[in-house]
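Colleague: Okay, here's the structure, questions in a sec.
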Amino acid sequence: MHQKDIERFAFLYLCSQRDKDMLTGVERMTFQDFDRLIYITDVLGLDQMNLEIWNRFSPQFKEQFKALEGIFAEDCRYSKFGEYEDGTGIYGKWFADFCDSVPDGEAGEVLRNMYDIYGDI
């Protein structure tokens, strides 16, 4: 089994049903979901899964990336997408919500403890 397959298996094991549905194309992924899943795979050190999500889903968010480029160019702290007014604390919430939704509660607790030990990653 290749690293990519191991990471995919591990991540899908940890994901909620909704995340699995988005990753398998059953449910449409939003830009915020994409951002959240990219962040979570990065925190978990699942580089291959992170790249898989990026390569598969980023093309559908070209418009959002262009809008973000404009926002960063203007040094603005508010996005027309609403979810990203300031961003402070959203990443910790995403990871906490992910841990809470892990089907295996014990595995979710291990992830939460790892995050608490290393701080706001």
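The values are calculated or read from the model by the stated rules, or taken from the named source; none is laboratory data. Every value quoted in this text rests on a predicted model; they were computed, and no experiment measured them. A quick note on method: Cβ atoms are made from the backbone with ideal geometry, for glycine too, and the neighbour counts reach across all protein chains shown.
Colleague: Find the helices (runs of 4 or more DSSP H) located wholly in the stretch 19-97 whose residues include 3 or more that are within 20 Å of VAL110 (Cα to Cα) and modelled with pLDDT of 85 or more, and list them.
Modeller: Helices (runs of 4 or more DSSP H) meeting the threshold: 31-43.
Colleague: List the pairs whose first member sits in the stretch 1-13 and is without any contact (Cβ under 8 Å) to a residue 40 or more places away in the chain, whose second member is not in a helix (DSSP H, G or I), and whose Cβ atoms are under 9 Å apart, counting only residues at least 6 apart or on separate chains?
Modeller: Taking only residues 6 or more apart or on different chains, the pairs are PHE9/MET1; ALA10/LEU44; ALA10/LEU46; PHE11/LEU44; PHE11/LEU46; LEU12/THR24.
Colleague: Also, I was wondering about something else. Which residues, taken from the stretch 39-60, are within 23 Å of LYS93 (Cα to Cα), in contact with a Ser or Thr (Cβ under 9 Å, 6 or more places away or on another chain) and surrounded by 15 or more Cβ atoms within 10 Å (Cβ to Cβ)?
Modeller: The answer is MET49, ASN50, ILE53.
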